[in-house]
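Since the structure comes first, as structure tokens, the remarks are kept for the end.
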Amino acid sequence: MLARTAGGYDLPVVAAILGVAVAGATIGQTCLFLLAKRGGREWLLARPWFRVDEDRLDRFGHMFDRFGVLALPLSNTLLFTRGMLTVPAGVAGMSTRRFVALSALGTLSFELLLAGAAMGVLELL
């Protein structure tokens, strides 16, 4: 449990937790992105540990094609689509630096919403 101060939660602790969560998720997504960029779509589909079927991957590929790079942080913000545009971004040849920035931005927004819900901030809205 987070230490409470007179004004609420201990913000340095919350910031540290957010930083670790964003860094961890971004590192994981970047690894998959680099595999997709180097190995390609078909290579990933042939891997037993890659549990996304071809139809689903096609749907997310179309979403990436339709909405472009802005779909990446948006998908990372939403609960059920987190990380799903990682492979289409890698296959499309997006620059690694741009991917990391957009992925981290979307993950940060998701983690902020999650922290807000946990801390009761979202109840005020």
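Before moving on, here are some points about what is shown:
- Members of the range 49-82 found to be among the aromatic types (Phe, Trp, Tyr), surrounded by 15 or more Cβ atoms within 10 Å (Cβ to Cβ) and assigned to a helix (DSSP H, G or I), listed by number: Phe60, Phe64
- Top-ranked residue of the range 106-125 - restricted to ones that are farther than 26 Å from Thr86 by Cα and surrounded by 12 or more Cβ atoms within 10 Å (Cβ to Cβ), ranked as modelled with the highest pLDDT: Ala118
- Thr96 at pLDDT 90 or above, exposed (fewer than 15 other Cβ atoms within 10 Å of the Cβ) and closer than 18 Å to Gly24 by Cβ: yes
- Some residue of the range 84-92 being within 13 Å of the chain's Cα centre (by Cα) and not in a helix (DSSP H, G or I): yes
- Selection from the range 14-48 of residues that are more than 20 Å from Ala104 (Cβ to Cβ) and surrounded by fewer than 12 Cβ atoms within 10 Å (Cβ to Cβ): Arg38, Glu42, Ala46, Arg47, Pro48
The values are calculated or read from the model by the stated rules, or taken from the named source; none is laboratory data. Computed from a predicted structure; not experimentally measured. FYI the Cβ positions are ideal-geometry reconstructions off the backbone, even for glycines, and counts take in every protein chain you see.
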